[in-house]
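Report on one structure; see the data block that follows.
Just so you know, all these numbers are worked out from the coordinates, no wet-lab data involved. Worth saying up front: this structure is predicted, and the values here are computed from it rather than measured. All Cβ positions, glycine included, derive from the backbone under ideal geometry; neighbour counts span all protein chains shown.
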Amino acid sequence: MTLFVNRIVLASGLVAGLGLFTAEASASTSREDGLACIEKFYNLDVAGGALEHEGDVLVGVGEGDPQKEVKLIASKLSIFIDYTVLDCDASDNANAIHVTQKDQLPQEYWDRDFIIYNKEWFKSKLQTDRSGLIFVLGHEFGHLVNNHDSFRKNLSRPQKELEADYSGACAVGQLGEDWHPLEALLTDIRSVPSPNYAPLEESLAWARRGYENCHGNDATGAIASGYEGIRVVYFPKEADSGVVETVLKNKSVQYEEGASAFEFASNGMTCTNDIDFTKVRDLAVALTQAGVKLYWINKALNELHVDHRITIEAEDGVQDRWLPLSVEQISCMNSCRWWTSEVDACAN
Ligand SMILES: [Zn+2]
């Protein structure tokens, strides 16, 4: 049996795609359609499971304008996760796909992130509705950076969509677009009841919070960092691939480097409660959006007698205990204390 047939058998609507589906879309993009586009893009020989190369270039890979535009927007948003952008006629607008083992693609595609988009939709949005385009892309990246198809796959679909709406609105705010067109767009696409989406009011509330939290947080660091007087310490690790440094530099945060005892990636932060906690939160959100998986934020131990300090560091074995914090969980945190994904920071 070929891989292709296997996958169709597995499909049966069990695995939901994560795209942003407009209410009007009658036939929403299925995960299967998206995976078929990934296969086509790489010219996968589905029977043999092998990649066909032409020299160093994978057949079918082209850097069109939309790809460049997506990458430009993502870089302005300081999103540094590893992802591939490709066009897909089966997509109604844009979708995020995190390929897993279950998807029956060759192993080299497992755990890879894709943004797929409809070329016509993209071009028309780019010309007529930049804010809407940023929202949709921010929403889709939100699914990826919040690990909705991997570590946090058991979250309910409506909750994932709320988190993605937060991220989309954050993107719109971060790139300096107005709130009202976004509000109108959300009212349009979220007002038809659907089992996949929370009620409009909830979506608007999350989007509003995302927009406000991110508005003015210019990723280029044009605004004064606001971290003056706070000692920020980072323990560099090769496993971080330079992402933490990039985020700190983009936010114009002066920092010191410590010597790390671990070789695995940074996974948490500490704070002291004599500083404005929003600074800790903003940095945690920026790191998470950039693809750093933060599992905990903790108040520095009293016996260390430290003050005015933020650290970005690693702790052993956290993956066994918690899930990575989502952008939204972090955005609900309001004081320097012990935070993990076990604490419902967004509960009233
Ligand atoms: Zn979505």
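The figures follow:
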item: Packing-based ranking, highest mean first, of 236-242, 94-100, 181-187 given that Cβ atoms within 10 Å are counted; result: 94-100, 181-187, 236-242
item: Residues in region 228-256 reached by a label modelled at D274 [backbone nitrogen below 12 Å; 7 Å Cα→Cβ]; result: 230-231
item: Electrostatic dipole magnitude of region 231-340 [Cβ: Lys, Arg +1; Asp, Glu -1; Cα centre; debye, to 20]; result: 340
item: In sequence order, calculated HN-Hα J values of region 147-161 (Karplus, 6.51, -1.76, 1.60; Hz; x Gly/Pro); result: 6, 5, 10, 10, 4, 10, 5, 7, 4, 5, 4, x, 5, 4, 5
item: E315 versus T187: modelled label distance in nm, points set 7 Å from Cα along the beta carbon direction; result: 4.4
item: Ordering of 288-296, 126-134 by packing [mean C-beta count within 10 Å, highest first]; result: 288-296, 126-134
item: Within region 80-190, percent of DSSP bridges classed antiparallel, to nearest 5; result: 50
item: Calculated FRET efficiency for the pair W110/A239, C-beta based, R₀ 30 Å, to 0.05; result: 0.95
item: Hz values of 3J(HN,Hα) by residue in region 168-176 - Karplus curve (6.51, -1.76, 1.60), Gly and Pro given as x; result: x, 5, 4, 4, 4, x, 5, 8, x
item: Footprinting exposure proxy for M333, M269 (fewest neighbouring C-beta atoms within 10 Å first); result: M333, M269
item: Of the chymotrypsin sites (Phe, Trp or Tyr not before Pro) in region 66-140, those whose Cβ has at most 15 other Cβ within 10 Å and which sit in DSSP loop; result: W110
item: Nitroxide proxy distance, nm - points 7 Å out along Cα→Cβ at A347 and R130; result: 4.3
item: Nitroxide proxy distance, nm - points 7 Å out along Cα→Cβ at L200 and H305; result: 6.0
item: Within region 65-120: Cβ-based charge dipole about Cα centre, in debye rounded to nearest 20 (Lys, Arg +1; Asp, Glu -1); result: 200
item: Residues H308, H139, H148 arranged by fewest to most Cβ contacts within 10 Å; result: H308, H148, H139
